[in-house]
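Working notes, structure below.
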Amino acid sequence: MRIPGVVSFLVASLCLAGCSSTAGVDALDLQKPSNETTSSVIRPPAPIAAAPAARGNRAARAGLAPMSDNGPGEKTRPFGLAEEEETGVFAAPDVPDPQVPDVGGLPVEPAALVSPPKLLTRAAPAMLAGPLTRYGFRDAKPINFGKGSPRRLAVHGVDVSRWQGNVNWDKLRAQGANFAYIKATDGGDHLDPMFMKNWRSADAAGLKRGAYHFFYWCRTAGEQADWFIRNVPRVEGALPPVIDVEWNGESSCKRRPSREKVLEKMQVFMDKLERHYGQRPIIYTAPDFYRDNLRGEFLDYPFWLRAVAQHPSKVYPGRKWLFWQYSGSGLSHGVTGRIDLNVFHGDERQWRAWAGGRQTVADAN
């Protein structure tokens, strides 16, 4: 009759051992390096230099006349923060560098005009030989940016996703869209259902196009990079891929990792994309996420900044930028509803130097 007692004692001992062992494993796991850590892409120790300027083509600088627009509508998908959340961040005014050309009252910052690390000599795509289409959009919520108005810069574009529905790309281009960033993926299993149609149609209409990924903080970075690579073609002449990092209150993922973990996951994702596409990814972000995680970080990466109420120099003091998303309420004949408006930080010559012939694909695997 003593056997049941011995068995009970042994079972209890095993349970206690299992609990303490699990706790020990968890504690040790906190000390182990993350499985997502990577150092496979060599990064320069300092901010990368400006892209070299291409030879100018004066005949190509004649723009098309802007079109009027009276299309109403509303945007259904927020891309970043509301205007009210971007106010209250101030900085000293920018001091123009005498070595940098002044474009429309704004100094063009050399470190923003970055070339990808791998270069391949080739002719610029035929679409870049023609003139740019000039700004012709309207804005449902116009902002007076003063001397820093994005309209004083030459190269405007849009970003789109499924929420813009069926886009008339020819009309969009005629109204002033010279480039488009197209939503491709988010997380590790979602593909925007309009991606491939938009990808092909934007190219057919003569826009420079690129794809962006909305980063999901509840999946590993490696999974997300693999998913993007699986769905976004590696096409010569395409713009660099974009990682969209922001806090999204509407997402099913409520996790907000530490700053260290955010930077680590971003680096893993960007390294994988850079190896595959042969282009350094662009970082898109919004003000609150930037303040929490990105100040002083990734100085050798180009940034695309959302600032729809103030100039980026006020919202992101000290940060150099390549693209500026200045409106989430643009109006165009090409879409029903509202569309995000963006501008390249440079003049037409710099745009041609950066986008025409210097965006490359990696050697075939």
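Data for the structure
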{"read-out": "Matching residues in the range 207-266 - criterion: being open to solvent by less than 30 Å² (accessible area, probe 1.4 Å) and among the small types (Gly, Ala, Ser)", "value": "Gly210, Ala211, Ala221, Gly222, Ala225, Gly237, Ala238, Ser251"}
{"read-out": "Conditions (1) surrounded by 22 or more Cβ atoms within 10 Å (Cβ to Cβ); (2) in contact with a Gly (Cβ under 7 Å, 6 or more places away or on another chain); (3) at pLDDT below 95: number failed by Arg352", "value": "(2)"}
{"read-out": "Residues located in the range 168-200, provided they are open to solvent by 30 Å² or more (accessible area, probe 1.4 Å), part of a helix (DSSP H, G or I) and either touching a His at 6+ places or on another chain (Cβ under 6 Å) or under 15 Å from Val335 (Cα atoms) (or both)", "value": "Asp170, Lys171, Arg173, Ala174, Lys197"}
{"read-out": "Residue satisfying all of: in the range 139-167; farther than 12 Å from His345 by Cα and among the hydrophobic types (A, V, I, L, M, F, W, C); surrounded by the most Cβ atoms within 10 Å (Cβ to Cβ) among these", "value": "Val158"}
{"read-out": "Any pair with Cβ under 8 angstrom, 6 or more apart, that starts in the range 196-215 at a residue that is at positive phi and ends at one that is open to solvent by 10 Å² or more (accessible area, probe 1.4 Å)", "value": "Gly206/Met127; Gly206/Gly130; Gly206/Arg173"}
{"read-out": "Wholly within the range 245-358, helices (runs of 4 or more DSSP H) carrying at least 1 residues that are of a type in the set (D, E, K, R) and under 18 Å from Tyr181 (Cβ atoms)", "value": "259-277"}
{"read-out": "From the options Gln310, Gln267, Gln325, Gln279, residue that is touching a helix residue (DSSP H, G or I) at 6+ places or on another chain (Cβ under 7 Å) and modelled with pLDDT of 95 or more", "value": "Gln310"}
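The values are calculated or read from the model by the stated rules, or taken from the named source; none is laboratory data. Just so it is clear, the structure is predicted and the values come from calculations on it, not from any experiment. Cβ sites come from the backbone with ideal geometry, for glycine too, and all protein chains shown count toward neighbours. In case anyone asks, the SASA skips ligands and DNA or RNA and just uses the protein heavy atoms, side chains included. Shrake-Rupley method; radii C 1.70, N 1.55, O 1.52, S 1.80 Å.
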